[in-house]
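I have placed the structure first, in the form of structure tokens, so that the comments after it can refer back to it.
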Amino acid sequence: MTSRRRFLRRGAFLSLVVALATLGVTFLTGFIVRREEIRPRLEELKTVALPKPRLDGPLSVEQAIQRRRSRREYRDESLPLSDVSQLLWAAQGVTAPHLWTGLRSAPSAGGLYPLETYVVVKNGGVEGLAAGVYHYNPHRHHLSLVAEGDYSKPLMSACIDQEWVGAAAFNIVFTAVVERTRVRYGDRAVQYVFQESGHAAENVYLQAESLGLGTVVIGAFIEDEIRRILKVSSDELPVYVMPVGRPA
Ligand SMILES: Cc1cc2nc3c(=O)[nH]c(=O)nc-3n(C[C@H](O)[C@H](O)[C@H](O)COP(=O)(O)O)c2cc1C
């Protein structure tokens, strides 16, 4: 074999090794991030299965966009668990489970999914669901109990006493694990997680309109107080609170 041929062969072999190594690193990074995301927490002992979300509704996308408003006055009315299910699915539900990472209802930079979603349920706010703080698992479409009890007033206080937080049947709270996005995007991660929370929140707004419910995005809150209520560490950055109720 000529030395030129040997050289070309070695080049092809090295390219193959580099390509395989890159694939391996990408796979492992994705695997670690995903394992991290679905690893059960110690406090997640009690789980609540959510009804299957439906894929049709009474409003067209155009009608939901036209009607969307921030609604802050709610009736004192219990909502069915199916409403919780539908809103969480709209926010972060897995819509393409066949792909190994699972793709969701809202886009995410690099498919890294930094958002975590919680529900703070008021006493009597949701039919058949005890008051408490719950974490949403999008892969299994279920809730895991984080803390029992009515945290709607502490949450209202964390949101600078905005009354609609206390009046809502339940509040959806989004946090972001910025590190999940930072591993690939460095300093742009903070910008990305806020952009992603906007996508998830808009889905909730539009789904709420379709369900005849009212919601509003709350950006004014004290981060550490929200963390205390959710029982999360400083690894999670609270990004939005969304009270939900039947409009008065
Ligand atoms: C980033 C952001 C933060 C917001 N924070 C609050 C808030 O803390 N409390 C509140 O009642 N509304 C909040 N809003 C809702 C706005 O007040 C509302 O979107 C605006 O008045 C326009 O009304 P519309 O949503 O009905 O179109 C926020 C909206 C955005 C986009």
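Amide H to amide H distances under 5 Å link LEU79 with VAL126, GLU127, where only residues 5 or more positions off or on other chains count and H is placed in the peptide plane.
Rounded to whole numbers, the Karplus 3J(HN,Hα) couplings from phi for segment 57-66 are x, x, 10, 6, 4, 5, 5, 5, 5, 4 Hz, using 6.51 cos²θ - 1.76 cosθ + 1.60 with θ = phi - 60°, and x at Gly and Pro. For the pair segment 186-214 / segment 74-92, the C-alpha centres are spaced 16 Å from each other. In plain terms, the bigger the Kirkwood radius, the slower the diffusion; for segment 44-245, with that radius from Cα pairs, at 25 °C and 0.890 mPa s, Stokes-Einstein puts D at 146 µm²/s. By the rule of a C-alpha distance below 21 Å, with chain neighbours fewer than 8 residues away ignored, the lysines paired with LYS46 are LYS122, LYS231.
Fully extending the segment from ARG188 to ASP76 would add 36.1 nm, taking 0.36 nm per residue of separation and subtracting the current Cα-Cα distance. Heavy-atom accessible surface of segment 37-187, averaged per residue, reaches 48 Å², computed with a 1.4 Å probe. Phi angles of segment 114-127 translate, via the Karplus equation with coefficients 6.51, -1.76, 1.60 and θ = phi - 60°, into HN-Hα couplings of x, 7, 10, 10, 10, 10, 10, 9, 6, 3, x, x, 10, 4 Hz per residue; Gly and Pro are given as x. Listed values for segment 208-223 are Karplus-derived 3J(HN,Hα) couplings in whole Hz (6.51 cos²θ - 1.76 cosθ + 1.60, θ = phi - 60°), namely 4, 4, 5, 8, x, 10, x, 8, 7, 7, 10, x, 9, 7, 9, 3, and x replaces Gly and Pro. The apolar share of the surface of segment 91-226, taken as the fraction of accessible area on carbon and sulfur atoms (1.4 Å probe, ligands and nucleic acids excluded), comes to 52 percent.
Subtracting the Cα-Cα distance of ILE65 and LYS231 from 0.36 nm times their residue separation leaves 56.3 nm of extension gain. Distances between placed amide hydrogens fall under 5 Å for LEU103 paired with THR95, ALA96, all partners being 5 or more residues away or on another chain. LYS153: which aspartates and glutamates have alpha carbons under 20 Å from its alpha carbon, excluding same-chain residues fewer than 8 sequence positions away? Filter leaves GLU73, ASP76, GLU77, GLU127, ASP161, GLU163, GLU223, ASP224, GLU225. Taking amide H as placed 1.01 Å from N in the peptide plane, VAL146 has its amide H under 5 Å from the amide H of VAL133, TYR134, HIS135, each at least 5 places away in sequence or on another chain.
The values are calculated or read from the model by the stated rules, or taken from the named source; none is laboratory data. Predicted, not measured: the structure shown is a model, and the values here were computed from it. Keep in mind that these areas ignore ligands, DNA and RNA; they rest on the heavy atoms of the full protein, side chains included. Shrake-Rupley method; radii C 1.70, N 1.55, O 1.52, S 1.80 Å.
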